[in-house]
Amino acid sequence: MSKSKKNLGNNYLKIVVSIVIFLISIVVILNNSNKPEAPIIEASNQDSKIDYRVKIFKNDFIKTEYMEKDKTYITDLVDDIEVNYNYKLTNSKKFDSNYKYNITYRIAVKHNSTGKELWTEEEKLIDNKDIIPNKNTIEIQDSAIVNYDALNDKVKQFKLDYNIPIDATLEINLNVIDNNTNKIIAYTGLATNLNTEIIDINKNEQSNIQAEIKTESKQKTPIIVIIAIIVSIISILYTAYEIYNTIRYNLSRKSYYEKAINKILKNYGDIVAELVNPVDLSKLNVIDVKNFDQMLDVEEELRIPIMFYETEKNVSGEFVIVTNEIAYRYVLKNH
């Protein structure tokens, strides 16, 4: 491979590598740039009021159909648990995201000695409903009924089928969900046991939200993004530089044939006649010579001009000296 071709190949390689580095930098910037986040609010601003009552089966001792909250209940007497939520979420700034909520029950069965989870089941009691915030306030009022007896029987059957000592819990939760991320940002509800002789029902809530609204706060640009921006600028400038050099090199580059023919015509134009049509060599005895210097020797000896015809533009041509029935020919072409 000639040096010029090698250099041109190196230029192309540099351009490709530079473009790849630029694209990688862009991906890094996009993946690490600060993205709008849902407003996150202070957990202390939750006001969760949960009222519930427990429907019991008819029996010879407790004559009422329902038992009120904050009691201890005999598991075998519990039919349904009816829950009413009055939930309020406030913030110092206006909410600028979209939200929804649902109400679910969740059963979690664990091995009672290892604490490892064996089986879970979660179902919606109330399907997703959109929330329309009132500026800086979210309010939800809704209710749900869970068939405690049916779920307790299901857990009992699980224990009977597999003969495993278990602990089982039941949660009845109202979940507040961010539509943008589809993640639960807060929940509130009740928790109790399954597969026990008696149960207590306790309030169960948690919030993943904090004190500031990130969508309105100024966030620092990660250092990796700054580095990626610098690298992308350098790489795109370097790519432009190499493309410019390559174009300039290609425009100025001449083939071996072009260089050789220009030199011959410049130095020996007085003894070289350029032809419009090729010499008919079909009836002549053609003697091919190795180089143009030998053609000069023949011309000097015979004193006959050298005829030149370009057989292929900028690619090849032939020099011919004709005397009697002999033609001396030298073919010049790209190596």
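Read the figures in this text as sums done on the coordinates, not as results from a lab. Everything quoted here is computed from the prediction, not taken from an experiment. Glycine also receives a Cβ, built like all others from the backbone with ideal geometry; neighbour counts cover every protein chain displayed.
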| task | Quick one: among Val322, Val176, Val16, which has the greatest mean-square fluctuation in a GNM of the chain with alpha-carbon springs under 10 angstrom? | result | Val322
| note | If each K or R counts +1 and each D or E counts -1, the residues other than Tyr87 whose Cβ falls under 11 Å of its Cβ total -2
| field | Amide proton proximity set for Ile287, modelled H, under 5 Å, gap of 5+ | value | Ala327, Tyr328, Arg329
| said: Using a Debye calculation, one point per C-alpha and no hydration shell, please list log10 I(q)/I(0) for region 83-176 at q = 0.16, 0.18 Å⁻¹ in order. | reply: -0.74, -0.83
| field | Anchor Lys71: aspartates and glutamates whose Cα lies under 13 Å away (excluding residues fewer than 8 positions away in-chain) | value | Asp51, Asp200
| query | With Rg and the Kirkwood Rh both taken from Cα atoms, where does Rg over Rh land for the chain? | reply | 1.54
| request: Name the most mobile residue of Gln157, Gln294, Gln141, meaning the one with the largest mean-square fluctuation, in a Gaussian network model of the chain with Cα contacts below 10 Å. | output: Gln294
| said: Could you list Val286, Val78, Val279 so that the one with the fewest beta carbons within 10 Å of its beta carbon is first and the one with the most is last? | reply: Val286, Val279, Val78
| message | Order 183-191, 304-312 from most to least packed using the mean count of other Cβ atoms within 10 Å. | response | 183-191, 304-312
| field | Cross-link reach list, aspartates and glutamates versus Lys129, counting only Cα pairs under 14 Å and skipping chain neighbours closer than eight places | value | Glu139, Asp142, Asp178
| request: Would you mind computing Rg(Cα) / (2.2 N^0.38 Å) for region 43-216, counting N as its residues? | output: 1.16
| note | Residues other than Leu160 with Cβ under 12 Å of its Cβ, Lys/Arg counted +1 and Asp/Glu -1, net out at +1
| note | Interchain or sequence-distant (5+) residues whose placed amide H lies within less than 5 Å of the amide H of Ser143 are Tyr85
| message | Mean-square fluctuation check for the chain, GNM, Cα pairs under 10 Å: which of Asp96, Asp80, Asp270 is largest? | response | Asp270
| task | Order these peptides, 112-123, 18-29, by their mean beta-carbon neighbour count within 10 angstrom, highest first. | result | 18-29, 112-123
| request: At 0.36 nm per residue, minus the direct Cα-Cα distance, what do Gln157 and Ser92 gain on full extension? Give it in nm, one decimal, please. | output: 18.4 nm
| field | Tally of Lys pairs whose C-alpha atoms are under 17 Å apart, taken over region 256-333, 8 or more apart or cross-chain | value | 6
| note | The ratio Rg/Rh over the Cα atoms of region 256-333, Rh being the Kirkwood inverse mean 1/r radius, stands at 0.93
| message | Can you give the Rg/Rh ratio of region 45-110, where Rg is from the C-alpha atoms and Rh is the Kirkwood radius? | response | 1.14
